[in-house]
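A short write-up of the structure that comes next.
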Amino acid sequence: MSIKPAIIAGSGLLSMPNLVIDEALLVNTQWGQPSGPVYKGRLQGVDVLFMARHGDAHTIPPHKVNYRANIGALKKEGATHVLAYNAVGGIGADCETGKFVVADQIIDYTWGREHTYYDGTEEDLEHIEFTSPYNEALRQVLISAAASAGVTVVNQGVYGATQGPRLESGAEIKRMERDGCDIVGMTGMPEVALAREKTLPYASLSLVVNAAAGKTSGPIAMADIEQILAERIPVVCDILSRACVLVSKQMHVN
């Protein structure tokens, strides 16, 4: 079976300049419509799939993303691995604005999301093993890809997934810090768990776009976040492109 990595792109990343698109597929799934087309194309000569998590115009808020349809559509179109990009807030001391984090753990603070395929309607019940949410081999691919691009990443950490779309209160961030969270985002769950249910190795490259609530002396400014995205998204594209090449060379379908 051929290797076909899929990229799920988050805030600030709506397209990749070096992605040669061959086809835009409107995929129907039994869980509804995904966020947008599944783009089938090539990165550095590697066959890939690309999807914008929030839609091509970035109009879908985190709690309204149809995560089941997104993962289902990628699986249907032949994805063998998922490389996700997430924009996050920094909680840990080493997770400063502009840094990249390749998380190895996650805590789910979301609610009300369709978070499983095993909901009693289509699939036989299965309790997936989730001790290590992210695929370790694929995490190492992202870390190696970043190193080859001359980028140092925080190579482990706990992603705290919140409901959104509002940002968190200072007290919420204090609680998350006590829980052990290093970064905070709104889209990490149920995406990684659904990928596990569909037996898709999954790893995430997180860009810290702001210090989390209470970690600075003033309020969080969206203009500052947009500036960081503008500066760092080209680096995100470079790392993900390199990761796709490494996946095609190194990985085997699990």
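We did not get these values from a lab; they are worked out from the coordinates using the rules stated. Since the structure is predicted, the reported quantities are computational estimates derived from the model, not experimental observations. In this analysis, Cβ positions are derived from the backbone assuming ideal geometry, glycine residues included, and neighbour counts consider all displayed protein chains.
Okay, here's what the table says:
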| item | result |
| --- | --- |
| Label point distance in nm, THR59-GLU126, each placed 7 Å from Cα along Cα→Cβ | 3.6 |
| Computed over the chain: relative contact order in percent, which uses C-alpha pairs under 8 Å that are six or more apart | 27 |
| Estimated [θ] at 222 nm from DSSP helical runs (n ≥ 4, -39500 (n - 2.57)) normalised by residues in the chain, nearest 500 | -8500 deg cm²/dmol |
| Residue-by-residue Karplus 3J(HN,Hα) for region 226-241, coefficients 6.51, -1.76, 1.60, Hz, glycine and proline x | 4, 5, 4, 4, 4, 6, 9, 4, x, 5, 4, 4, 4, 5, 5, 4 |
| Cut-off 9 Å between beta-carbons: net charge of the residues surrounding ASP104, Lys and Arg +1, Asp and Glu -1 | 0 |
| Spacing of the two label points (7 Å from each Cα toward its C-beta) at GLN105 and SER15, in nm | 4.1 |
| Cα gyration tensor category, rounded, prolate or oblate, for region 185-242 with a/c compared to 1.5 | oblate |
| Charge-dipole axis of region 5-250 as Lys and Arg at +1 and Asp and Glu at -1 on Cβ define it, positive-most pick from ALA84, PRO201, TYR117 | ALA84 |
| Magnitude of the charge dipole, the chain, Cβ model with Lys/Arg +1 and Asp/Glu -1, debye to 20 | 360 |
| Alpha-carbon spread of region 92-239, three principal axes, descending order, Å | 49, 38, 25 |
| Highest-fluctuation residue, SER11, SER148, SER204 considered, GNM on the chain with Cα pairs under 10 Å | SER148 |
| Two-site label geometry, ASP119 and LYS174: point separation in nm, points 7 Å out along Cα→Cβ | 3.7 |
| Spatially close lysines, pair count over the chain: Cα under 20 Å, gap of eight or more or interchain | 13 |
| Around ALA149: net Lys/Arg minus Asp/Glu count, Cβ-Cβ under 9 Å | 0 |
| Cα gyration tensor, region 1-85 - rounded (a/c under 1.5), prolate or oblate | oblate |
